[in-house]
Each structure stands twice: as C-alpha cells, then as structure tokens.
Amino acid sequence: MISSVLSTRRGDISLPQFVPDATRAVVRGVPTSVLQQTGVDAVLVSTAHLVSQPGTSVVRALGGVHRFMGWSGPVLSDSGGFQAFSLLTGQKGLATVSDAGLSYRFSPKQRFRELTPKSCIETQLHLGADVVYCLDYCTHPLAPDAEQEKSVALTVRWATECRATFDRLVADTPPLQRPKLFAVVQGGQRADLRTRCADALMDLGFDGYGFGGYPIAAGQLVDEVELTARLLPPGAVLHGLGIGTPESLVAAWRCGYSIFDCTLPTRNARRGVLYTGLDTRNLAAGGRVSRIARMSDEKWVRASGPVDPGCDCQLCAHYGAGYLAHLFRVADSLAQTLASVHNLRFYARLTAALRERVPGAVR
Ligand SMILES: [Zn+2]
C-alpha cells in the first residue's frame, strides 16, 4: 500500500504532491498567500543557497524559515548535495569534494562554504525544515565507474553520519515534533551500485527515500528511476528529485514515487511557457497529459478567453490570454507571477487527479 499522506509536524502533505522549488525561500514572484491558493501543501528550499544568503543565523534570528518566508505549511530542505554537484561540474574552482564533505561557493568572489554530513543536518534543523535530507554525492550518469563507486561509498558513509547527527539532535524532541529524515539513493546507471546504496540506506532506516542523479534523458525517465523504486520498501515515501515535466511526473508516479520537485514549471512560466489542457485519460496508460502555450506566439495577442478554459487559477479566472500576452510584451512582473501561479495550479490539479487513482505500481 503506498502512503496517501506524509504527516509532518506542520501538517500532512497529500501524496502524490508536487513541491515547488522555493530555492531562496521564495517561489519567485509568488506571495505565499497566493501560493497556498494554488493547492500546494509544501515548498522546498535550498540549504546551500540559504547558508550563502542571508545565512542560517539570520534565518534563525528572524524566527526560522517558516516565519522568514511567511509560509506555515511543511518546508522541505534539500541537502545541498545536488547544488554542490552542479557547481562541481560547472565553472572551475567553485566546488570540491572530499571524504569529509563538500565545499562550494556560487562565485569566485565568495568564500567557500563547507557542507559536511554533520553541518548539513545541523543547518537544516536550524532553518526549521520539516523534511530534511542526508548529504549525498551526486554524479553524472556517464561518469566513470570509479566515480560512481565513490559516490555510493560517500553517500552511504555520509548518510550514516547524518542519521547519527539527526538522532542526537532530536533526542529530546517528542516524536511527533521531529522533522522527517530522508536519504537519497545514488549509483548512476549501475544496478549493482543502486542496489548496494539502497540496501545500506534501508539498513539505517529513513522516513523516505529519494532518487538521486539525473532522472531524465532524451525527454524520458531513465530506467534507474524504476529500478530504484523497486529496490526500496513497499509503502515507503519516495521522492523523485528533479522530476519534472507533467508526463515524467506521471511516469514516475506509476513507478511508485509520490513527491516531486522541479524548477521547470516556474522557470517555464517566467519565460511565458504555460502548461494547459490537463488530460486525465492518459494517467494510467502513459502518453501526453498536457499541452504547451507559448505567450510569445502572436495568436495569443488577440485571445479574449483564458489561456486554459479548464483551469481555475487566478490567471484563468480573472484574465484573458491576450492580457497575459500583453504583460509579457511590456515585461511587467505580474506576467511572471500569473504564469507561475497557473503552472503550479496545473501541477496541483494533476497530482490531485492522481490521488484519485491507484498507481499502476511496479512495486
Ligand atoms: Zn490557470
């Protein structure tokens, strides 16, 4: 039986759930009161970014991440591992990895920040997150075998230290007031490494597990996404990190994943790319469940009706598509806000539709 909710100390997260990326403690351009109306239960903040700016001590001084950003629902905080990996593979000199952990900075002008298993958990607890993640070492799927082996060895070692740090820090906290602790399965494309990583993490025992790595190749879910789901305990809450398009989300849900996050819907929204036409007929069988509307297309300039007649978001309920097209053309920030609200509402309607169905689980 796949869980229908993830209960946290700040309320239940209905599953499946798409969790918007509030990387810097903000879903860009969207007030939290408006965000709530889109139907999302939780947000995901970036530990690495908040450590860098404004700094953990500032967030703490301002009452913790919930009060800081005006969001009373559950907050997930990533470990910073994927962020560090992005910096490792980008411009040289921005990140390094050692057995002790990761060092990173977002620009050559900044000083390095250290992310160790201990500091990773301490920081997330100081921020006040409700679902925290063990530090993991992400790799590119095409990285050499030795790198994948190292990734799994470090991910398991760091998860062991994270588990111990977490248990020590919450020892005096009543169980229902403790955050949830998730671990991330790495292993690239190697089934044996994915198995080794999943087995070791299950031995440690976590409240949920994430798929680590690149979930998508050539627009399709990679096979490891399904394999990893099969390796984990039936009924466990699985997070498909970085998933993705509406179709990828549905495909991962069919494998057993029930938490998703991705910058795609809000990033696309800010570029005037909107998801429309939710088609629930293909949820069980696969296939397209969405269409794309590009506000740059001249056809929208004189469109009087809503962008998506089937949507009940603030954009579609109050404005015609021609108005949104105009806002993008005059570069008013309201365009990005309304488009983001629409895309998040699309994902919320999609996951609500999935909740009414039993996943065609392979597990
Ligand atoms: Zn809408």
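Every number here is computed from the coordinates shown, using simple stated rules; none is lab data. The structure presented is a predicted model; accordingly, all values stated were derived computationally and were not measured. Glycine also receives a Cβ, built like all others from the backbone with ideal geometry; neighbour counts cover every protein chain displayed.
Odds and ends about this structure:
- Within segment 113-132: backbone nitrogen closer than 18 Å to the residue 96 label point (7 Å, Cα to C-beta): 113-117
- Counting every alpha-carbon pair across segment 27-168, the share separated by more than 20 Å comes to 50%.
- If you sort the three axes of the alpha carbon gyration tensor as a ≥ b ≥ c, you get a/c of 1.5 or more for segment 273-344 and a/b above b/c, which makes it prolate.
- Looking at the chain alone, DSSP beta bridges between its own residues are antiparallel in about 45 percent of cases.
- Based on DSSP H segments of at least four residues, each scored -39500 (n - 2.57), the chain has a per-residue ellipticity at 222 nm of -12000 deg cm²/dmol.
- Distance violations [Cα-Cα > 23 Å] among 118/150; 92/180; 109/150: 92/180; 109/150
- Nonlocal amide H pairs with residue 7, under 5 Å, H built at 1.01 Å: 13
- Across all directions, the average projected area of the convex hull around the alpha carbons of segment 186-283 is 6.9 nm².
- Disulfide-incompatible cysteines by the Cβ rule (no partner under 4.7 Å) in the chain: 120, 138, 197, 255, 262, 313
- Whole-Å distance, taken between Cα centres, linking segment 1-34 and segment 120-163: 22 Å
- The rule of thumb for compact globular proteins, 2.2 N^0.38 Å, goes into the C-alpha radius of gyration of the chain 0.97 times.
- Mean-position separation - Cα centroids, segment 215-237 and segment 291-314, in angstrom: 34 Å
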